[in-house]
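Written out below as structure tokens is the structure these notes cover.
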Amino acid sequence: MESELEELVEELQDEDLEGLKDLVVYNDDFNTFDHVIETLIKICKHDPHQAEQCTYIIHFKGKCAVRKGSYHELKPMREGISDAGIKAAIE
């Protein structure tokens, strides 16, 4: 219950700071290019070319903002990406 309250407070604070946030995906040494591409297509509704470009940016730069939106829009996407074993954060 306490963690749910903390999460709600965090959501409200995030919404008050700025309307739009970035969903950032981070590079790692174990997920394949194909897995990341497929995940971005499925979760973020990227077209294949966009997903491939983001994946290359993630690989070479260490991270990439794959989607911009409100905290409420991005939260389920972050959870889906994380559930696929890929590190992601809303910033």
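The values are calculated or read from the model by the stated rules, or taken from the named source; none is laboratory data. No experiment lies behind these values; they were computed from the predicted model shown. What goes into the accessible areas is simple: the full protein's heavy atoms, side chains included, and nothing from ligands, DNA or RNA. Shrake-Rupley method; radii C 1.70, N 1.55, O 1.52, S 1.80 Å.
Observations on the structure shown:
- Subset of the range 16-47 (residues that are closer than 19 Å to Val66 by Cα, part of a helix (DSSP H, G or I) and either open to solvent by 70 Å² or more (accessible area, probe 1.4 Å) or at pLDDT below 65 (or both)): Phe33, Asp34, Glu38, Lys42
- Count - residues of the range 60-83 that are within 9 Å of the chain's Cα centre (by Cα), open to solvent by less than 70 Å² (accessible area, probe 1.4 Å) and closer than 10 Å to Lys21 by Cα: 2
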